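The values are calculated or read from the model by the stated rules, or taken from the named source; none is laboratory data. Please read these numbers as outputs of a predicted model, since none were measured by experiment. Using ideal geometry, Cβ is built from the backbone for each residue, glycine included, and neighbour counts are taken over all protein chains shown. Note: accessible area is taken over every heavy atom of the protein model, side chains too, but ligands, DNA and RNA are not part of it. Shrake-Rupley method; radii C 1.70, N 1.55, O 1.52, S 1.80 Å.
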Amino acid sequence: MTLTDIVTRPAEGGAGGAALSLRTLAPAIFLAPAILMLAVYLLYPLVDSFRLSLLDWNGLGSDARFVGLDNWKKLASDTLFWEAAWNNILLAVFSVLVQMPIALVLAVVLDNAGRGSRILKILYFLPLLMSSVALGVLFKYFYDVTFGPLNAILDFVGLGYLAQDWLGDTRLALGAVIAVVCWQYIPFYMVLFMAGLASFPAEISEAAKLDGASETTIFWKMKLPHLKGTIRTAVVLSVIGALRYFDLIYVMTGGGPEGASELMATYMYRNVFSSFQLGYGSTVASGMFIIVILIASVLLRFSKRYETEV
Amino acid sequence: MASSPVARATGRVAVPVLGLFWLAVTTVPFLFMVMTSFKSQQESFSSSVWALPEALDLVNYNDVLSGPFLTYFKNSVMVVVISVLLIMLISSMAAFAFARMRFRFNEAIFGLIVAGMIVPIHITLVPIYLMTRQLGLYDSQFALIGPYVATSLPISVFILTEFMRQIPKELEEAARLDGCGPFAIFFKVFLPLSGPGLSTIAIYNGIMLWNEFIFAYVLTSSTGTRTLPLAIWDYQGQYTANIPAILTVVTLTSLPLVVAYAFGQEKIVKGMMAGSLKG
Amino acid sequence: MTKITLSGVNKSFGANFPVIRGVDLTIDDGEFCVFLGPSGCGKSTLLRMVAGLETAYTGQIQIGDRVVDKVEPADREVAMVFQNYALYPHMTVYDNMAFGLRQAKTAKDEIERRVKEAARILQIEPLLDRMPKALSGGQRQRVAIGRAIVRQPKVFLFDEPLSNLDAALRVHMRSEIATLHRNFPAASMIYVTHDQTEAMALADKIVLLHAGKDMLKHGSIAQVGKPLDLYHRPRNLFVAGFLGSPTMNFLEASFVAQEPAGARVVLKGGEEIVVPVDGSALASGAPVTLGVRPEHLAPVAAPGAQTLTRKVSAVEHFGEYSFVYLDGGTPAPLIAKVPGDGGVKAGDSATYQAPADCCHLFDADGLALNHI
């Protein structure tokens with residue numbers, strides 16, 4: 001990297017040689033801390049992860065053994081990994097399908113709620129302040145078969161027969177976790193959509209009203225198309241977030257029961273820190289990286305919109 | 001056609017009904033959490049989930065606070081404050097270079113750094129774990145600062161670069177005529193003018209790091225060094241079936257942010273929404 | 001000595017988009033020089049070169065005896081007033097004015113003395129503790145000027161300083177800048193504007209820069225001179241058309257013969273006009289352009305020498321004077337600016353006399369023929 005040719009200063013200074021070199025080097029000096037941090041804690045680990053993925057190593061001794069692409073071959077036929085990846089995709093799909101409509105409805109509701117909307121928005125937003133560990137533990141007990149309030153509520157409203165072992169049942173565990181993810185993030189997308197709705201020019205809906213359009217028509221024909229970009233951003237965010245999910249699931253189910261809620265990240269963690277397979281765990285991490293980057297770049301290319309106005 | 005009276009009436013009913021329904025959905029888990037934290041372990045087993053606590057019993061709080069809880073809290077404050085200060089300094093310096101200087105590969109380097117937002121941090125976990133051990137930082141609060149700063153940089157650099165691009169070029173030129181070199185321009189003009197951008201990244205990263213779990217979980221192991229999210233984890237192991245005690249810890253760990261939120265809701269909402277710039 | 005000399009200055013954006021072309025210019029000690037031209041002509045770029053904010057040009061710029069091409073802006077002993085004022089929003093008025101002196105490590109009491117003095121001159125003493133956002137546009141402009149004054153520069157540079165003010169304030173500030181010039185007789189001033197009124201009112205010397213379709217001339221000097229010289233003796237069609245409002249009338253004509261009184265030309269309408277210029281280089285029948293300003297067309301009762309008769313297409317009344325629009329200009333309609341209501345209405349035929357001394361003649365290349 002050559003950081004020369006700085007134009008914020010004359011090409012060659014007259015004041016003095018020492019001052020000049022300092023100025024020519026200015027961009028390098030300003031960038032150095034950021035680049036150093038990113039090189040050490042992002043770029044190097046990224047590369048190192050691929051290196052480790054070629055090893056058979058328990059991480060403790062110096063008995064690391066180079067096994068070439070063996071780990072990658074194993075990964076390709078590792079049904080546990082692919083099931084985990086599939087769960088990530090389910091998480092992504094259901095996150096979008098559940099969060100977007102509810103967030104949109106709530107945004108419209110608050111848009112029409114007048115004075116109460118501010119306080120509602122503030123209260124809705126509370127879950128976003130919580131750490132996923134806190135939420136994971138809270139909901140673990142919320143879902144508890146015997147002591148959890150969820151089954152108690154169902155019982156109370158006469159739906160007691162629906163009571164379940166939410167996190168213990170292989171068919172329900174993933175869904176139960178997805179519900180918590182949605183519970184936490186719906187307000188985020190709601191605020192995003194509210195900002196989008198707020199940027200809809202009032203004159204247009206006034207003009208449409210003069211043209212005889214109903215509120216419903218204005219929403220479907222004008223406001224929703226106006227939100228298209230925002231919704232696209234929301235979908236991209238939601239999907240990328242879902243592919244990298246870890247904390248909440250790790251705390252609530254640890255990937256269980258029987259891998260029913262296993263995600264790529266929890267599977268990686270289990271391999272490294274429970275089974276002490278550093279090499280194979282790194283292969284899983286690198287595989288996850290490739291999948292996330294592939295899906296993200298396809299999505300970003302597809303949506304073409306990178307930024308939104310907050 | 002203007003909206004019919006029927007449609008308007010449904011609208012009038014639907015808005016408060018839906019609004020209150022989601023309020024209930026949001027608050028019920030929190031109510032459960034806070035209520036249970038005031039119950040004794042015995043009471044939590046015997047009485048109904050929805051029964052109010054028999055007394056405003058602070059036993060759980062006493063219990064938790066007399067333990068190492070405050071150490072976790074102190075560690076969190078220390079790690080987050082140092083990290084956020086470093087993030088503000090480092091990212092604003094880089095942003096200044098990207099927004100205001102012309103040098104070779106400016107846009108390419110900026111693009112690469114911003115692309116760092118998509119990288120799943122999990123791929124860095126094992127190498128950072130190994131590196132931390134080698135550096136002798138394992139199980140110290142300082143182990144967390146490096147990864148925290150680095151993972152926060154891409155979005156912070158992005159936000160501040162956008163922000164600094166909005167600062168009029170003439171201010172920089174006026175400062176040059178007033179005798180400022182690049183460093184004086186940065187520290188005396190750009191940094192003071194970037195207040196709103198800096199507060200956004202401070203709030204966003206502050207909250208993210210306050211709640212961060214995986215690095216803290218992997219890079220620290222003892223009570224003396226761990227941060228608040230780990231307090232929940234550790235207490236959960238320690239109290240096993242004492243649900244009220246565990247939920248007391250959860251309540252206590254959530255309290256600082258809720259208190260902060262009470263003082264600056266709008267700013268915090270706005271700061272958190274910076275997350276929508278990822279993607 | 002604060003003479004400013006630009007020699008052979010050229011600048012391009014990119015490989016082949018010249019913005020400044022072959023500028024040779026001298027601004028004398030204490031002179032008020034205005035860079036004038038339409039937007040995009042490079043006048044601001046030229047000013048910023050003198051300031052040291054634009055680099056990467058060829059040629060040489062001298063301030064006083066010193067070649068400043070490689071001198072930092074801060075070391076050029078110049079001060080600049082920006083179009084949008086460029087006040088530091090996070091500093092008080094006092095700190096804004098003191099900032100440059102503090103950077104230069106001026107003694108504290110000296111800073112205070114100079115800031116107070118500038119504030120007194122500009123009548124902004126009560127504002128010194130305010131922040132810029134609490135000031136009106138005119139007040140900000142004063143602070144910006146104050147910031148320049150305290151530096152006691154050899155050269156003041158103004159980059160369209162009045163264009164963000166409303167019309168009334170602009171006239172007022174214009175006279176204040178003229179006063180400033182009188183108060184600092186030793187300092188040279190360069191003032192950039194696209195407003196010819198400002199230029200005429202303020203300048204000792206106007207530098208009019210080319211812009212527009214003719215890419216070969218874009219960014220070069222069209223004419224340098226005293227304001228009234230440019231008005232009365234424009235060197236080419238561009239200058240003739242730029243200065244004056246409404247703009248000079250142009251009529252297609254062909255050269256007939258050179259006479260002792262001047263060049264005789266015949267208009268499309270058949271009228272013959274004698275212009276007191278030297279057209280001896282022209283061949284008979286050569287196409288020329290006759291230029292005459294609207295305010296120089298005088299209504300006369302009947303056609304005669306130096307007159308033209310046209311149909312009136314419209315009349316605009318302004319009370320004190322009127323614009324009479326006539327058919328047959330090139331390309332725009334002819335306009336006569338006449339006192340009172342003009343005495344004619346649309347559809348009338350009207351005759352106007354173009355006094356020989358006020359006529360200009362341009363050859364096929366657009367260059368003015370020399371007056372004799």
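Would you check which residues across region C:83-96 are within 8 Å of another protein chain (Cβ to nearest Cβ) and surrounded by fewer than 23 Cβ atoms within 10 Å (Cβ to Cβ) and list them?
Hits for region C:83-96 are C:Gln83, C:Asn84, C:Tyr88, C:Pro89, C:His90.
Could you please let me know if B:Ile128 is touching a residue at least 12 places away in the same chain (Cβ under 8 Å), of a type in the set (Val, Ile, Thr), facing another protein chain (nearest Cβ under 9 Å) and closer than 19 Å to B:Ala216 by Cβ? Full working, then the answer.
Details: touching a residue at least 12 places away in the same chain (Cβ under 8 Å): yes; of a type in the set (Val, Ile, Thr): yes; facing another protein chain (nearest Cβ under 9 Å): yes; closer than 19 Å to B:Ala216 by Cβ: yes.
Yes; evaluated as a whole, the condition is true for this residue.
Could you list all residues from region C:305-316 that are exposed (fewer than 13 other Cβ atoms within 10 Å of the Cβ) and on the phi > 0 side of the Ramachandran plot?
none
Please state which one of C:Ala257, C:Ala240, C:Ala253 is closer than 21 Å to C:Leu308 by Cα and in a helix (DSSP H, G or I).
Sole residue among the options that is closer than 21 Å to C:Leu308 by Cα and in a helix (DSSP H, G or I): C:Ala240.
C:Leu290: touching a His at 6+ places or on another chain (Cβ under 9 Å), surrounded by 16 or more Cβ atoms within 10 Å (Cβ to Cβ), part of a strand (DSSP E or B) and not assigned by TED's automatic domain parsing to the domain that holds C:His210, yes or no?
So C:Leu290 passes the test.
Each row is one residue, and each column tells you yes or no for (1) part of a helix (DSSP H, G or I); (2) more than 8 Å from chain B (Cβ to nearest Cβ); (3) surrounded by fewer than 16 Cβ atoms within 10 Å (Cβ to Cβ).
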position: A:Tyr41; (1), (2), (3): yes, no, no
position: A:Pro45; (1), (2), (3): yes, no, no
position: A:Asp48; (1), (2), (3): yes, no, no
position: A:Arg51; (1), (2), (3): yes, yes, yes
position: A:Leu60; (1), (2), (3): no, yes, yes
position: A:Asp63; (1), (2), (3): no, yes, yes
position: A:Gly68; (1), (2), (3): no, yes, yes
position: A:Leu80; (1), (2), (3): yes, yes, yes
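Taking only pairs six or more apart or across chains, which ones have beta-carbon atoms under 7 Å, a first residue in region C:112-138 that is within 10 Å of C:Val93 (Cα to Cα) and among the β-branched types (Val, Ile, Thr), and a second residue that is open to solvent by less than 20 Å² (accessible area, probe 1.4 Å) and assigned to a helix (DSSP H, G or I)?
C:Val115/C:Met97; C:Val115/C:Ala98; C:Ile124/C:Val93; C:Ile124/C:Val143; C:Ile124/C:Gly146
Say we look at region A:97-133 and pick out the residues that are part of a loop (DSSP other than H, G, I, E, B) and buried (at least 21 other Cβ atoms within 10 Å of the Cβ); which of these is nearest to the other protein chains (Cβ to nearest Cβ)?
Among those that are part of a loop (DSSP other than H, G, I, E, B) and buried (at least 21 other Cβ atoms within 10 Å of the Cβ), it is A:Ser131.
Taking region A:159-204, which residues are closer than 17 Å to A:Leu138 by Cβ, touching a residue at least 24 places away in the same chain (Cβ under 8 Å) and not in a helix (DSSP H, G or I)?
A:Leu167, the sole residue that qualifies.
If we keep just the residues of region B:1-21 that are at pLDDT 80 or above and within 8 Å of chain A (Cβ to nearest Cβ), which is surrounded by the fewest Cβ atoms within 10 Å (Cβ to Cβ)? Steps first, answer last, please.
Residues of region B:1-21 that are at pLDDT 80 or above, as a first pass: B:16-21.
Of the ones still in play, those that are also within 8 Å of chain A (Cβ to nearest Cβ) are B:16, B:18-19.
On the way: B:Pro16: 14, B:Leu18: 18, B:Gly19: 18.
Per the criteria, the residue is B:Pro16.
For region C:110-151, enumerate the residues that are open to solvent by less than 40 Å² (accessible area, probe 1.4 Å), basic (Lys, Arg) and touching a strand residue (DSSP E or B) at 6+ places or on another chain (Cβ under 8 Å).
Scanning region C:110-151 gives a single hit, C:Arg147.
Scan region A:216-256 residue by residue and report those that are surrounded by fewer than 17 Cβ atoms within 10 Å (Cβ to Cβ) and of a type in the set (D, E, K, R).
If the condition is that a residue be surrounded by fewer than 17 Cβ atoms within 10 Å (Cβ to Cβ) and of a type in the set (D, E, K, R), then A:Lys221, A:Lys228 are the ones that fit.
Going through region A:134-158 one residue at a time, which ones are part of a helix (DSSP H, G or I) and either within 22 Å of A:Val93 (Cβ to Cβ) or small (Gly, Ala, Ser) (or both)?
A:Ala134, A:Leu135, A:Gly136, A:Phe139, A:Ala152 - these are the residues of region A:134-158 that are part of a helix (DSSP H, G or I) and either within 22 Å of A:Val93 (Cβ to Cβ) or small (Gly, Ala, Ser) (or both).
Just the residues that are more than 25 Å from B:Phe187 (Cα to Cα) and within 14 Å of chain B (Cβ to nearest Cβ), please, taken from region C:115-148.
If the condition is that a residue be more than 25 Å from B:Phe187 (Cα to Cα) and within 14 Å of chain B (Cβ to nearest Cβ), then C:Gln141 is the only one that fits.
Give the residue, chosen from C:Lys205, C:Lys154, that is of a type in the set (D, E, K, R), surrounded by fewer than 22 Cβ atoms within 10 Å (Cβ to Cβ) and within 16 Å of the chain's Cα centre (by Cα).
C:Lys205
Do the conditions hold for B:Glu107, that is, is it open to solvent by 50 Å² or more (accessible area, probe 1.4 Å) and in a helix (DSSP H, G or I)? First the steps, then the outcome.
Details: open to solvent by 50 Å² or more (accessible area, probe 1.4 Å): yes; in a helix (DSSP H, G or I): yes.
Spelling it out, B:Glu107 is indeed open to solvent by 50 Å² or more (accessible area, probe 1.4 Å) and in a helix (DSSP H, G or I).
Suppose we filter region A:281-300 for residues that are more than 10 Å from chain B (Cβ to nearest Cβ) and open to solvent by less than 10 Å² (accessible area, probe 1.4 Å); how many remain?
Residues flagged as more than 10 Å from chain B (Cβ to nearest Cβ) and open to solvent by less than 10 Å² (accessible area, probe 1.4 Å) within region A:281-300 amount to 1.
Do we have any residue at all in region A:134-156 that's charged (D, E, K, R) and either surrounded by 22 or more Cβ atoms within 10 Å (Cβ to Cβ) or more than 9 Å from chain B (Cβ to nearest Cβ) (or both)?
yes
Would you check which residues across region C:51-82 are within 8 Å of chain B (Cβ to nearest Cβ) and assigned to a strand (DSSP E or B) and list them?
Across region C:51-82, the qualifying residues are C:Val78, C:Ala79, C:Met80.
Looking only at region C:157-167, filter to residues that are surrounded by fewer than 23 Cβ atoms within 10 Å (Cβ to Cβ) and not aliphatic (A, V, I, L, M); which one of those is modelled with the highest pLDDT?
Across region C:157-167, the extreme among qualifying residues is C:Glu160.
Identify, please: which residue in region B:22-34 is open to solvent by 30 Å² or more (accessible area, probe 1.4 Å) and closer than 14 Å to A:Ile153 by Cβ and is, among those, farthest from the other protein chains (Cβ to nearest Cβ)?
Filtering first and then ranking leaves B:Ala24.
Report, by residue number, each residue of region B:83-100 that is at the interface with another protein chain (Cβ under 8 Å from one of its Cβ atoms) and either modelled with pLDDT under 90 or more than 20 Å from B:Leu171 (Cα to Cα) (or both).
Scanning region B:83-100 gives B:Leu89, B:Ile90, B:Ser91.
Check B:Val80 against each of (1) open to solvent by less than 60 Å² (accessible area, probe 1.4 Å); (2) at pLDDT below 95; (3) more than 9 Å from every other protein chain (Cβ to nearest Cβ) and name the one condition it does not meet.
Only one criterion in (1) open to solvent by less than 60 Å² (accessible area, probe 1.4 Å); (2) at pLDDT below 95; (3) more than 9 Å from every other protein chain (Cβ to nearest Cβ) is unmet by B:Val80, namely (2).
Just checking, how many residues over region B:35-77 are within 27 Å of the chain's Cα centre (by Cα), surrounded by 21 or more Cβ atoms within 10 Å (Cβ to Cβ) and not hydrophobic (A, V, I, L, M, F, W, C)?
The number of residues fulfilling the criteria is 6.
Please report, ordered by residue number, the helices (runs of 4 or more DSSP H) entirely within region B:167-257 with at least 1 residues that are without any contact (Cβ under 8 Å) to a residue 12 or more places away in the chain and more than 9 Å from chain A (Cβ to nearest Cβ).
Counting at least 1 such residues, we get B:169-177, B:195-210, B:228-239.
Looking only at region B:110-147, count every residue that is of a type in the set (A, V, I, L, M) and assigned to a helix (DSSP H, G or I) and tell me the total.
Of the residues in region B:110-147, 13 are of a type in the set (A, V, I, L, M) and assigned to a helix (DSSP H, G or I).
Which residues, taken from region C:317-372, are buried (at least 18 other Cβ atoms within 10 Å of the Cβ), of a type in the set (Gly, Ala, Ser) and part of a loop (DSSP other than H, G, I, E, B)?
Result: C:Gly342, C:Ala354.
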